[in-house]
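Asks: Following this message is one structure expressed as structure tokens.
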Amino acid sequence: MDDIQPTTDAGQAYGSAAHAGALAPGAAAPIASRPTGLAMKRRGPVAVWLGLPLITLGIYQLVWYYKIHKELQEFDRRRVLSPAGSVLVMIFLSWTLIAPLISYHNTGKAIANAQRAAGLPVTCSPAASTWLAFVFGLNIWYMQRQLNLVADAYPSATPGTEVLLAA
């Protein structure tokens, strides 16, 4: 019987460059592709905050809340958001007062993450997104203004077209 000796070749060991699919010497390294997302829609902050909710007796605010969460999800697919869950919190748990405030805070964080992904300085404050709800519901106006900064970062992109993310 032949004795089989284990090889000590570094190219055969697990976790080595050869096992991980490294390139041959002299081959060009692959270029890491930048993440992409779908461009967001620019909306009028005053129309979103005051005009359309008055005309639709508050229904538009729920539609808007769903749409921005869906756009945030599509803009940066690395982040997981639940557009329907956010709206359901507003519909069924708004009486608790705490649940909508937490939802506004999380939306402010999602907008800040979108600004970061667009390569913009982060100007959206989750705290302002929360506490401006107590001042005539100005948090809606504030959040839409912050979202418009993300939309304006891609001036030639129409809503729903693919854009490159900066980070």
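Asks: Only residues that are small (G, A, S) and more than 17 Å from T36 (Cα to Cα): list them for region 113-127, please.
Replies: Matches in region 113-127: S125, A127.
Results for (1) assigned to a helix (DSSP H, G or I); (2) at pLDDT 95 or above; (3) closer than 24 Å to L50 by Cβ, shown as yes or no for each residue.
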site: A99; (1), (2), (3): yes, yes, yes
site: K109; (1), (2), (3): yes, yes, no
site: A114; (1), (2), (3): yes, yes, yes
site: L120; (1), (2), (3): no, yes, no
site: C124; (1), (2), (3): no, yes, yes
site: A128; (1), (2), (3): yes, yes, yes
site: Q146; (1), (2), (3): yes, yes, yes
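Asks: Which of the following residues is of a type outside the set (D, E), modelled with pLDDT of 95 or more and surrounded by fewer than 10 Cβ atoms within 10 Å (Cβ to Cβ): L57, L72, L38, L62?
Replies: Among L57, L72, L38, L62, only L57 is of a type outside the set (D, E), modelled with pLDDT of 95 or more and surrounded by fewer than 10 Cβ atoms within 10 Å (Cβ to Cβ).
Asks: Is it the case that some residue within region 154-167 is assigned to a helix (DSSP H, G or I) and without any contact (Cβ under 8 Å) to a residue 60 or more places away in the chain?
Replies: Taking every residue of region 154-167 in turn, none turns out to be assigned to a helix (DSSP H, G or I) and without any contact (Cβ under 8 Å) to a residue 60 or more places away in the chain.
Asks: In region 75-89, how many residues are surrounded by fewer than 17 Cβ atoms within 10 Å (Cβ to Cβ), of a type in the set (A, V, I, L, M, F, W, C) and not in a loop (DSSP other than H, G, I, E, B)?
Replies: 2
The values are calculated or read from the model by the stated rules, or taken from the named source; none is laboratory data. Fair warning: this is a prediction, and the values are worked out from it, not measured in the lab. As a convention, Cβ positions derive from the backbone with ideal geometry for all residues, glycine included, and neighbour counts pool all protein chains shown.
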